[in-house]
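Nothing in this text is a laboratory measurement; each read-out follows from the coordinates by a stated rule. Because the structure is predicted, anything quoted here is derived from the model rather than measured. So basically every Cβ, Gly included, is an ideal-geometry build from the backbone, and we count neighbours across all protein chains shown.
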Amino acid sequence: MTETWTVDPTREEEMEEGHTASWDATITLSGETDLTESRVLDFGCNRGGFLRRLYSLLPFQEGIGIDVASGSVEKAMQARGRLPITYIVCHNVEALPFQFDVAFSHEVIYLLPDLKDHAEKIASRLKPGGRYHIALSCHTANPLWPRWKELLRSHTHTPAYDYSPSAICVAFEKAGFEIESRPFGDAIDLSTMPHELEPWFPSLSSLEEFYRESFLLFSAARPRCK
């Protein structure tokens, strides 16, 4: 366990603010339209902003956010207000005592040492017919990944792992999911994005290409029981 994911805790708030546009695109591309009777999981919730944003756009019955960073979870609990959301310090979704209708993760699974194990544990907590939507840009098909991996070593507390999009799909297929992936493309309004270039992007064109082509949404569905 750790207090925060980033070495510099002040970066947590900046990161949350910078993710709003990609959260909105994730919600749009997920195809979810009615969550009023759903229990929703945010795997790797950090400071909890995604579930609060989701509730403002698609109200749900109950939301659970889990993360290993205790300081970030504490901030999430302080910010939740009266929303039907609980944030928990937890590294093992399998330990949760209930199942979910829908799950999300945003830029998280590249931090996991075992994709197969993660897929199997998510499968154990999703109801038949449940969906898991994974937003990810930190993968080996992203031309910027070698650059980013080096930066992450000095900016964060958690090791990063090399996963290809095909490896992600295979891991979830072996766990019994039907999975598809697609780039975010025009779903993200680039005019709303923080145009921070160096050290993450060598040029404005590389930033634009990244959001159009390298940022992917994987949607994994657990088949319904026959």
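Computed values, structure above
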{"read-out": "Rg to Rh, two decimals, where the range 104-207 supplies the alpha carbon set and Rh follows Kirkwood", "value": "0.99"}
{"read-out": "Estimated inter-spin distance, S191 and T86, nm [label 7 Å along Cα→Cβ]", "value": "4.3 nm"}
{"read-out": "Rg [Å, one decimal], Dmax [Å, integer] - the range 140-183, C-alpha atoms", "value": "13.1, 36"}
{"read-out": "Mean Cα-pair separation over length for the chain, i.e. relative contact order, pairs under 8 Å, 6 or more apart, %", "value": "22 percent"}
{"read-out": "Most mobile listed residue (N46, N142, N92) in the chain, GNM with C-alpha springs under 10 Å", "value": "N92"}
{"read-out": "Shape box of the range 26-146 [Cα atoms, principal axes, largest first, Å]", "value": "41, 34, 28"}
{"read-out": "Added length on full extension, which subtracts the Cα-Cα distance from 0.36 nm per residue, E178 to E208", "value": "7.8 nm"}
{"read-out": "Relative contact order (%) - the range 161-215, alpha-carbon pairs under 8 angstrom, separation at least six", "value": "35 percent"}
{"read-out": "Ordering of 208-221, 76-89, 178-191 by packing [mean C-beta count within 10 Å, highest first]", "value": "208-221, 76-89, 178-191"}
{"read-out": "Dimensionless Rg over Rh [the chain; C-alpha; Kirkwood]", "value": "0.93"}
{"read-out": "Simple spin-label estimate for A95 and T158 in nanometres, 7 Å along Cα-Cβ", "value": "1.5 nm"}
{"read-out": "In nm, spacing of pseudo-spin labels at E74 and E37 (7 Å Cα→C-beta vector)", "value": "4.0 nm"}
